[in-house]
Amino acid sequence: MITPYITLVGAGPGAADLITLKGIRAIQQADVILYDALVNEELLDYAKPGCTKIYVGKRAERISTSQDYINKLLVDYALTHGHVVRLKGGDPFVFGRGGEELEYARQFNIPTAVIPGISSSVGLTALQQIPLTHRGVSESFWVITGATTEGNLSKDLYTAVTTTATVVVLMGYAKLAQIVSLYQEHGKGNLPIAVIQNGSLPNERIALGTIDTILQEAERNLVGVPAIIVLGDVVSKHERFEDLKKELHTVAI
C-alpha cells in the first residue's frame with residue numbers, strides 16, 4: 001500500500017555540504033525527488049536505488065517549469081509513488097514558493113513536512129564574512145525580491161532605501177542598474193554594496209564597491225546571474241573593502 005507524503009527540503013545556497021543532516025536523510029528516504037535549478041546535483045547521489053529524480057528548474061529569463069505543473073507533479077507522484085522530496089535551493093520558505101506547494105498538497109489531504117535550508121541571504125553573506133547586523137552599524141536586515149511577478153522593481157525597496165537597515169536583494173541582478181539609480185536618488189552614492197554570484201561554489205565571483213561604482217565593478221569582475229545583492233554599511237566589514245577604498249582613492253587622485 002502506498003502512503004503519500006511530501007517533504008520540502010532546503011538544499012542550502014550552493015555547496016553540497018551546506019545542506020542539513022536531516023535534509024540528507026530525507027533524500028535517502030525519498031521515492032521521488034523533484035529538484036530545482038539551483039540545487040547542487042551532487043546531493044542526488046544520496047538517493048536510494050530506484051528513486052525517480054525529476055528536474056523542475058526555474059530560472060529568470062529562461063524556459064522554466066511552471067509552478068502549477070510542479071504542484072500537480074508533487075501530488076501525482078505522492079499518490080502513485082509515496083514519499084516525494086521537493087528539493088529546493090536555499091530555504092523553501094524564503095522566496096522558494098514552499099508555502100504555495102504546501103497549500104496545494106493539503107487540498108488532497110497529503111501529509112507534509114518542511115526541512116529548513118540555509119538561505120543564500122544569510123548563508124552567502126556569512127561565507128563572505130559580511131555581518132548582516134553589527135553593533136553600531138545595522139540593527140536589522142531586510143530580504144527583498146528584486147522584482148515583482150509583473151517585472152517591476154519591488155515596492156519594498158522604495159521603503160528600505162530610506163532606512164539604515166542592511167538590504168539583501170534576491171533574484172535582482174537584472175535590476176541592479178535600477179537599484180543603483182534609486183539609491184543615488186536618495187543621496188546614497190557612497191553606500192557600500194556587494195554582488196555575489198555562485199556563492200559557496202568553486203566558480204564564485206564577487207564585486208565590491210559603492211552605489212556609484214558597483215556597475216563598473218560588476219562588469220570588471222565579470223559578475224552575472226545567479227547573484228545576490230547586499231546593500232549597507234556592513235559591507236565595509238568585508239576584509240577586502242579597505243583595500244578597495246584605497247584603490248578608488250588612488251584612482252581619484
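The values are calculated or read from the model by the stated rules, or taken from the named source; none is laboratory data. All values derive from a computational prediction rather than experimental measurement. So basically every Cβ, Gly included, is an ideal-geometry build from the backbone, and we count neighbours across all protein chains shown. Heads up: the accessible areas ignore ligands, DNA and RNA and are worked out on the full protein's heavy atoms, side chains in. Shrake-Rupley method; radii C 1.70, N 1.55, O 1.52, S 1.80 Å.
Worth a mention:
- Positions within region 139-152 being modelled with pLDDT of 95 or more and crowded, with 18+ Cβ neighbours inside 10 Å, in sequence order: Phe141, Trp142, Val143, Ile144
- Pairs where the first residue, in region 209-224, is touching a residue at least 12 places away in the same chain (Cβ under 8 Å) and under 17 Å from Arg240 (Cβ atoms) and the second is of a type in the set (S, T, N, Q) and open to solvent by 10 Å² or more (accessible area, probe 1.4 Å), C-beta under 7 Å, 6+ apart: Thr210/Asn190; Val223/Gln197
- Matching residues, region 188-209, being open to solvent by 60 Å² or more (accessible area, probe 1.4 Å) and either touching an Asp or Glu at 6+ places or on another chain (Cβ under 6 Å) or of a type in the set (S, T, N, Q) (or both): Asn190, Asn203
- Considering residues of region 52-69 that are of a type in the set (A, V, I, L, M) and at pLDDT 95 or above only, the residue least open to solvent (accessible area, probe 1.4 Å): Val56
- Total residues in region 167-187, condition within 15 Å of Thr210 (Cβ to Cβ) and either in contact with a Cys (Cβ under 9 Å, 6 or more places away or on another chain) or crowded, with 19+ Cβ neighbours inside 10 Å (or both): 5
A quick yes/no check of all residues on (1) open to solvent by 10 Å² or more (accessible area, probe 1.4 Å); (2) more than 23 Å from Gln107 (Cα to Cα); (3) in a loop (DSSP other than H, G, I, E, B):
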residue: Thr3; (1), (2), (3): yes, no, yes
residue: Ile6; (1), (2), (3): no, no, no
residue: Lys22; (1), (2), (3): yes, yes, no
residue: Ile27; (1), (2), (3): no, yes, no
residue: Leu34; (1), (2), (3): no, no, no
residue: Ala37; (1), (2), (3): yes, yes, yes
residue: Leu43; (1), (2), (3): no, yes, no
residue: Gly50; (1), (2), (3): yes, yes, yes
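- Yes/no for Ser121 being of a type outside the set (Asp, Glu), in a helix (DSSP H, G or I) and touching an Asp or Glu at 6+ places or on another chain (Cβ under 9 Å): yes
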